[in-house]
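These notes are about the structure you will find just below.
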Amino acid sequence: MTQLMRFVRMTQLLAAVFLVILLQTVRSAGGQKWFTSTRLVKDPNDSSGGIPVYSDSENNYFVGTVVNKTRLFDLSVSLYNNPSGDDNGNTQDSDDGSAEQDKIEKVFQFMADAIYDATEGGHTLGQVRIFRNKKRWDLADIRWDAIGHPCAYPNGIHDFGVGIFMYDIFRNDENGEIITEYITTDDESADLIGAGYTLAHEFGHYAYGLGDEYSLKRGDVDVEPSIMNCQMCARDDATHDLSDASWLQFSIKHQGNPPGPYQDTLQTDQHRTHGESCWETLSRTNTFIEQLSNHQRGKPLRVVWPELTEVAPTGTNTPSLMHLPEKARSHLEIIWMADMTISVIVIDSSGSMSGNKISNAKTAAKLLIDLAEVGSFIGIIQFSDSATVVVPISEITDQASKEEIKTAIDKKISAGGNTYMGSAAKTALDTLLDYSTGVQEGNKVVFLLSDGKSGDDAFAPIPAYQVAKIPIFTFSYGTGADTNTLGTMASLTRGKLYISPTTLVAITRTFQDANAIAAGTSNVASGSSTVRSGGTQIVEVTVDSTLDTISLTVTYHGHSSDLLVELFDPVNFLSNPLSPNVVTESGGETLVFFYVTDPTPGNWLIKSTSSLSLDVPFEFILSGTQSGAGYVLTGGVSDRIFDIKYPEPFILRSSLFKELPIINAVVEALITAPDGSYITIQMTDDGTPPDNLAGDGEYTGALNYDQSGVYNVLVRARGLAGVAMQDAETLQPSAGPNGEFIPFGPPSFVSDDFERFVRFQIETIGVVSDDHGNTIDNATDLSAQNDILISGRIESGGDVDVFKIVSVPEGLAELVIRVSNRAFGMIPVLKIFNEMRVIVEEGTLDVSQSMAGLLSLIIPVPGNKTYFAEVSHQDDISGTGYYQISAGGVLTQFDLPLPPSTPSPSTPSPSTTLPTVKPTQSKKIKKTKKSKARKSEKKSSHKSEKLNSSKPDKHSSSKTKQQPSGKSSK
């Protein structure tokens with residue numbers, strides 16, 4: 001039994017203890033990144049009592065207080081190549097044939113060193129899973145290509161579709177100059193330590209949301225020393241060894257001019273972004289100002305790591321130089337991932353599944369077999385009163401091996417008995433772990449379908465799934481399924497919940513969506529159309545050059561003889577059609593499946609001809625595989641949640657990228673509401689709220705929802721060659737080896753037309769006809785401490801929302817009440833009443849708009865009087881809309897009125913949404929490359945300052961042309 005298996009088995013014994021902790025952190029799961037996680041560990045010799053924690057180093061288990069703790073970051077990496085080696089990430093320089101892998105492994109050792117140093121021992125790396133040949137480029141935290149400019153998405157670690165971009169060779173993309181070579185065939189010239197430190201610098205952006213501290217624009221003053229300035233200054237140019245660990249530290253508070261070592265200079269990108277040094281940012285929670293400025297935007301708030309408060313330098317103390325590689329690397333486990341997916345499909349076969357339910361579920365499971373690539377592994381389990389292995393995990397070697405598994409599904413699965421999900425989940429995990437013994441690490445997933453409530457503890461195996469990094473994709477099948485339990489199982493394991501009716505069309509759609517995420521395939525095109533009575537319908541889809549294979553499924557109600565479905569490639573338009581590989585009937589529905597290798601890029605046609613005198617609606621899904629980096633579209637909602645409580649905003653976000661973010665694409669969301677109605681939203685990347693930043697490849701839209709229930713969202717992106725572009729300009733760039741600014745190169749056009757889609761489900765909760773009371777007698781309490789934003793809606797013409805101002809700080813001279821984040825046509829009127837119901841102040845945007853675009857009213861606060869605020873719409877007949885309200889002391893950057901000389905803006909159009917704070921992107925000036933003398937100057941001046949000052953003790957704490965009927969649309 002492997003160490004991992006022993007660990008998992010032991011963890012199962014502690015499930016009851018750990019599940020409480022896991023349930024508290026379920027919402028930290030970030031989209032599709034199930035290998036990305038964090039965990040707290042401590043010295044196993046510390047046996048003090050308290051909160052349960054665990055350590056998986058040395059397979060030691062204990063319960064103790066979280067003291068002297070270190071947070072481990074488990075990350076995934078996608079390499080552009082396949083370096084030779086022994087696939088053992090825990091040995092270096094022991095095998096001459098493993099030199100290429102050893103280089104990569106050493107880079108992550110140096111990265112762990114730098115993160116540990118920078119965070120005063122608070123953070124380091126845990127498990128690092130490395131995929132090769134750009135596999136799982138979509139979910140990787142670090143995307144490593146051959147040549148380019150290292151950079152990162154800020155604050156992206158728990159976000160879907162974003163990451164760090166790293167390269168073998170650091171190139172100035174503007175002029176082609178080679179800046180440095182991190183990975184080379186010549187061992188002497190390879191700068192592995194520089195690569196590791198550069199990744200740690202980018203990790204500062206990605207995990208902590210920090211800004212750069214080298215000079216990005218005229219007038220900037222570098223922080224010296226700082227890892228967010230010149231991480232490469234920590235190593236010797238000639239020997240590539242560590243020479244000065246002070247350059248691996250985060251900056252501290254400004255303490256006067258001229259700034260001392262490590263001190264914020266007040267003139268850096270970090271200071272412009274956060275108004276403070278790195279350590280000041282890391283050691284606090286998000287402020288109300290950050291919430292006010294970010295809440296309505298697509299970007300989530302900065303991730304807060306509370307343990308860093310305990311290790312942050314305080315007062316005038318400087319960071320500790322604690323370069324301890326043996327501790328920094330003590331939990332580092334580098335895992336070379338095999339190019340294979342190992343899946344276990346778990347099907348509920350209880351009595352309630354009888355009839356069409358079990359037939360359609362079996363057909364959907366067989367579709368997963370058809371979609372499986374040669375070299376993948378699949379097992380089948382059925383469960384009722386107990387779990388039974390129908391097909392042991394078997395390798396897909398050819399079509400015959402697929403047919404063998406499909407035959408077993410047909411013959412061995414039948415309905416009867418009760419529903420024991422916990423037993424089924426445990427059997428699936430045991431099957432995966434047992435099979436994995438002695439097998440190279442692969443991408444393991446579980447698909448679990450159920451239509452009922454579990455008769456045992458479904459959560460019992462969940463902690464072991466978390467440790468093994470195996471996601472469960474759950475399918476809530478039909479109206480009787482336990483959606484809450486299935487959703488929690490998926491969330492806790494970083495899988496995904498799908499809520500599906502029991503029709504063949506619906507369950508095959510959800511199985512395909514889940515397979516695309518689990519196996520890393522590309523969802524290319526999806527839509528529906530109708531073949532008119534006795535007629536023909538043609539749908540056009542785009543296949544791009546990155547796809548190695550394509551799979552097409554067409555599903556419809558009716559018999560296989562009702563429709564003739566044909567597929568035509570771009571060369572044989574409407575001649576020489578491709579025949580389907582599989583045609584299956586189940587429960588009065590038909591599934592048609594095509595599989596094509598080496599597809600010709602271009603426009604393909606799906607032709608459907610009816611033999612009936614009735615209209616025949618159908619759905620289609622086109623997916624594909626790619627050997628390198630393909631076009632990737634991810635999707636979800638802001639704040640990383642998948643249920644929304646009314647009246648909170650429903651903000652859709654999608655990231656589109658290939659090697660880099662893609663701009664100038666057309667992205668739209670097709671949404672099916674709980675009542676079956678359809679809504680289309682055009683998503684934008686123009687920086688207008690709720691979009692966070694123009695041209696960052698993240699497209700955003702807002703839904704004005706009015707129903708409780710599940711919204712099914714299909715986001716489609718289309719890009720045209722010569723129009724859509726890859727652009728890194730909005731990412732956080734890495735400085736050169738001497739701390740110099742290196743500009744990004746110009747955007748590059750994509751080489752061909754493409755389309756992609758992503759599908760997900762969002763549940764809205766608690767929609768009511770009136771969200772807040774309409775009089776002071778039933779007013780909603782509003783804290784006056786600048787600590788909360790309350791969402792509200794004017795649901796109908798004449799509606800008003802009334803708030804009682806509470807918790808007014810003692811001694812507050814002036815109170816401001818502000819309306820912000822307006823959307824969906826909201827033109828607010830704000831009135832302030834005293835307890836005698838007398839209006840003391842009122843205003844509209846015409847006369848009371850602040851410089852930040854808010855409706856802010858400022859009143860004096862005499863004595864202990866009670867005040868009320870009333871929000872209404874300027875159009876009191878038919879006006880509706882969304883807003884947020886807050887109260888407290890005056891915030892100068894938000895609440896000060898427009899200067900008298902500035903004309904107030906006219907009443908905005910109901911369709912406009914004014915930003916609270918419009919982010920500006922400063923133009924980065926070009927700078928000449930600093931000489932090594934400058935670097936030496938940096939080092940020597942810093943060292944002399946260190947020598948001349950006594951260091952105090954450490955702190956004490958289908959394509960976008962207008963489509964005719966039948967194109968990829970609902």
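Specify whether the C-alpha gyration tensor of the range 89-241 places it in the rounded, prolate or oblate class, a ≥ b ≥ c being the square roots of the eigenvalues: rounded for a/c under 1.5, otherwise prolate if a/b is larger than b/c and oblate if not. Don't skip to the end; give the middle numbers.
On the way: a/c = 1.38, a/b = 1.23, b/c = 1.12.
Rounded.
Might you work out the accessible area of Glu835 for me, using a 1.4 Å probe with all protein chains in place, and round it to the nearest 10 Å²?
We get 100 Å² for Glu835.
Would you check the accessible area of Trp336, probe 1.4 Å, heavy atoms only, in square angstrom rounded to 10?
10 Å²
If you restrict to DSSP beta bridges whose two residues both lie in the range 318-436, what percentage is antiparallel, to the nearest 5? Could the numbers behind the result be given before it?
Details: 6 of 13 bridges.
Antiparallel: roughly 45 percent of the beta bridges in the range 318-436.
Express in Å², to the nearest 10, the accessible area of Thr892 obtained by rolling a 1.4 Å probe over the protein heavy atoms while all chains stay in place.
That residue has around 90 Å² of solvent-accessible surface.
From largest accessible area down, sort Glu810, Glu326, Glu100; use a 1.4 Å probe on the protein chains. Intermediate results must be reported in sequence, preceding the final value.
Working: Glu810 190, Glu326 120, Glu100 65 Å².
Listed by decreasing accessible area, they come as Glu810, Glu326, Glu100.
Quick one: net charge of His254's neighbours, Cβ under 14 Å, K/R +1, D/E -1?
Working: positive: Lys253, Arg272; negative: Glu213, Asp222, Glu224, Asp264, Glu276, Glu280.
Surrounding charge for His254 is -4.
Pull out a ≥ b ≥ c, the square roots of the eigenvalues of the alpha-carbon gyration tensor of the range 398-438, then state rounded if a/c is under 1.5, prolate if not and a/b is larger than b/c, and oblate in the remaining case.
Working: a/c = 4.46, a/b = 1.10, b/c = 4.07.
Oblate.
Please give the Cα centre distance for the range 752-811 versus the range 135-203, rounded to the nearest Å.
Each part reduced to its Cα centre gives a spacing of 42 Å.
Grab the beta carbon distance between Asp456 and Ser414, set R0 = 25 Å, and tell me the FRET efficiency rounded to 0.05.
Details: r = 21 Å, r/R0 = 0.85.
Once rounded, the FRET efficiency stands at 0.75.
Could you rank Asp846, Asp691 by how accessible they are, 1.4 Å probe, largest area first?
Values: Asp846 50, Asp691 0 Å².
Heavy-atom accessible area, descending, gives Asp846, Asp691.
What is the distance, in nm, between label points placed 7 Å from the Cα along the Cα-to-Cβ direction at Ser748 and at Leu812?
5.4 nm
HN-Hα J couplings of the range 862-873 from phi, Karplus 6.51/-1.76/1.60, θ = phi - 60°, integer Hz, Gly and Pro as x?
Each residue of the range 862-873 in turn: x, x, 10, 6, 9, 10, 10, 10, 10, 10, 9, 9 Hz.
When a/c reaches 1.5 or more, the comparison of a/b and b/c decides; with that in mind, is the range 159-202 rounded, prolate or oblate per its Cα gyration tensor?
Numbers: a/c = 2.44, a/b = 1.37, b/c = 1.78.
Because a/c hits 1.5 or more and a/b fails to exceed b/c, the range 159-202 counts as oblate.
Using alpha-carbon positions, what is the distance between the centroids of the range 229-297 and the range 560-616, in Å?
58 Å
The values are calculated or read from the model by the stated rules, or taken from the named source; none is laboratory data. Not measured: the values here are computed from a predicted model. Cβ coordinates were reconstructed from backbone atoms using ideal geometry, including for glycine residues, and neighbour counts include every protein chain displayed. Heads up: the accessible areas ignore ligands, DNA and RNA and are worked out on the full protein's heavy atoms, side chains in. Shrake-Rupley method; radii C 1.70, N 1.55, O 1.52, S 1.80 Å.
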